[in-house]
Amino acid sequence: LREEKGWPKCHFMSTFFFSKLIGGSFAGEVAYNYANVKRWTKKVDVFSMDLLLIPVNLGNLHWALLTIDLAKTCINYYDSLGGSGTHVINALGRWLEDESRAKRGVALDTSHCGANFWTRRSHGKTIPQQNNMSDCGVFTCEFAQTLSKGSSDFGFSAEDMPYMRRRVCHELCAAYIQ
């Protein structure tokens, strides 16, 4: 069905992945530990995917989304409060490099320079922004759903959140995501 619609081949990481990768540290790089998540991808070849979607819990206070677009060699950070997510981008770029070495035996450089040029983007305030401190999870789900369909046209705003919450509830109860 995804191929028929032209949607990218995606893998969604667990909501615990980022917290486990950085050992629960809000600063990210300080407690980075690849060994904590090395086995999390033993049943999936992340390098065969077009897009990895990684929900990021920041200090048990806020949700954001990081994507690794393997087809376009781009790491993207989406935060409905406009944060830059530099530590998140750096930690997950480093994870991808470690994952490549461990699973494929191939060195990968996700920095801004090198033979395999990777783009790192923080979308900050160029995406829909929440107007309260409680809608970040819904924004993160909507970003993920839109991106997983191969689009970056976020056709929603903070005013749409009551409807979005009802729609997500309906989809979960019906075991069907539009």
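What's the long-distance tail for the stretch 128-178, i.e. % of Cα pairs beyond 14 Å?
Result: 52 percent of Cα pairs exceed 14 Å.
Taking H as built 1.01 Å from N, whose amide H comes closer than 5 Å to the amide H of residue 109, not counting residues under 5 places away?
Amide H neighbours of residue 109, under 5 Å, 5+ apart: 116.
Could you order peptides 80-86, 142-148 by the average number of other Cβ atoms within 10 Å of their residues, highest first?
By packing density, highest mean first, the sequence is 142-148, 80-86.
Determine the sum of side-chain charges near residue 147: Lys and Arg each +1, Asp and Glu each -1, restricted to other residues whose C-beta is under 11 angstrom from that of residue 147.
-3
Quick one: how many Å² of residue 98 are accessible to a 1.4 Å probe, rounded to 10?
It works out to around 30 Å².
Using label points projected 7 Å from each Cα along Cα→Cβ, tell me how many nm separate residue 134 and residue 38, to one decimal.
Going from the residue 134 label point to the residue 38 one covers 4.3 nm.
How much net charge surrounds residue 16 when only other residues with a Cβ under 15 Å from its Cβ are counted (Lys, Arg +1; Asp, Glu -1)?
Result for the neighbourhood of residue 16: +3.
Carbon and sulfur together cover what percent of the accessible area of the stretch 1-112 at a 1.4 Å probe radius?
In the stretch 1-112, the share of accessible area belonging to carbon and sulfur is 53 percent.
Enter the per residue convex hull volume of the stretch 43-99, computed from alpha-carbon coordinates, in Å³ rounded to the nearest integer.
In the stretch 43-99, the Cα hull volume divided by residue count equals 90 Å³.
Accessible area per residue of the chain at 1.4 Å probe, in Å²? Please list the in-between numbers first.
Values: 9450 Å² over 178 residues.
For the chain, the per-residue accessible area is 53 Å².
How many percent of Cα pairs in the chain exceed 24 Å? All intermediate terms of the calculation are to be shown ahead of the outcome.
Details: 5810 of 15753 pairs.
That tail contains 37 percent of the Cα-Cα pairs.
Between residue 14 and residue 61, what is 0.36 nm times their sequence separation minus the Cα-Cα distance? Round to one decimal in nm.
Working: separation 47, 0.36 × 47 = 16.92 nm, distance 1.72 nm.
Full-extension gain reported as 15.2 nm.
Calculate for the chain the 222 nm mean residue ellipticity that helices alone would give, adding -39,500 (n - 2.57) per DSSP H run of length 4 or more and normalising by residue count, nearest 500 deg cm²/dmol.
Helix contribution divided over all residues of the chain: -9500 deg cm²/dmol.
Return the percentage of antiparallel bridges among DSSP beta bridges fully within the chain, rounded to the nearest 5 %. Show your work: numbers first, answer last.
Values: 13 of 20 bridges.
Counting only bridges with both partners in the chain, antiparallel ones make up about 65 percent.
The values are calculated or read from the model by the stated rules, or taken from the named source; none is laboratory data. These figures come from a predicted structure and were not determined experimentally. As a convention, Cβ positions derive from the backbone with ideal geometry for all residues, glycine included, and neighbour counts pool all protein chains shown. SASA here: full protein model, heavy atoms, side chains in, ligands and nucleic acids out. Shrake-Rupley method; radii C 1.70, N 1.55, O 1.52, S 1.80 Å.
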